[in-house]
Amino acid sequence: DKALSSFTSLDHALANADLVGLYFAASWCPMSTPITNKMSDIFSSGTSSLQERILSPLKPHIAHENIVRKDLAIVYVSSDKSETDMEKYSKSNWINVPFDSDDRDNLKRHFCTCAQVEMEELGIERRRLEIPSLIIIDSVTHGVLSLNGKEDMLEYGNGVLDHWQQLQELLRALENKYVDED
């Protein structure tokens, strides 16, 4: 199993956000649309204060030292059929794993998460998750905080980011407790 730091398309997200949401979805998948719309309502709409807490994709004209650390980066791991489809479906504050990058397929393999039609090509015999899925990662420990990000959004709505941060604090406290006891 590869470490998350070996996926170069995650570098910006891991380095500049406390949490990383890996969103596995596709424009052609009818199950993805309601989740994508919910994510857009929560994280991208102008009425939500959460928009300010989301890391923007890396822009070539912004120096790395000028990037302000944010609470969450949303990384789109697309199962779209073309780069154009991926770009049209993605939101402006999502970081897209490049369409032609090996990381796109390798992240699907790493998390055993993909569309059913991709399983054979990717060599995935059993999926852990199907699309759409939102996996929440601690950017420091690379530990999975939630495999149920889409359900979390439906349950917590605009409070979902605070929920994930509480999970992060709880897990880190538990890790510290047991590390300190050794």
- prompt: Regarding Asn66, is this residue over 18 Å from Asp100 (Cβ atoms), open to solvent by 30 Å² or more (accessible area, probe 1.4 Å) and modelled with pLDDT under 90?
  reply: yes
field: Residues of the range 135-170 satisfying the condition of being in a helix (DSSP H, G or I), open to solvent by 70 Å² or more (accessible area, probe 1.4 Å), farther than 16 Å from Ile54 by Cα and not aliphatic (A, V, I, L, M)
entry: Glu151, Glu155, Tyr156, Gln166, Glu169
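The values are calculated or read from the model by the stated rules, or taken from the named source; none is laboratory data. Source: prediction; values computed, not measured. Heads up, the Cβs are rebuilt from the backbone with ideal geometry, glycines too, and the neighbour counts pull from every protein chain shown. Each accessible area value is taken on the protein alone, full model and side chains, heavy atoms only, with ligands, DNA and RNA left out. Shrake-Rupley method; radii C 1.70, N 1.55, O 1.52, S 1.80 Å.
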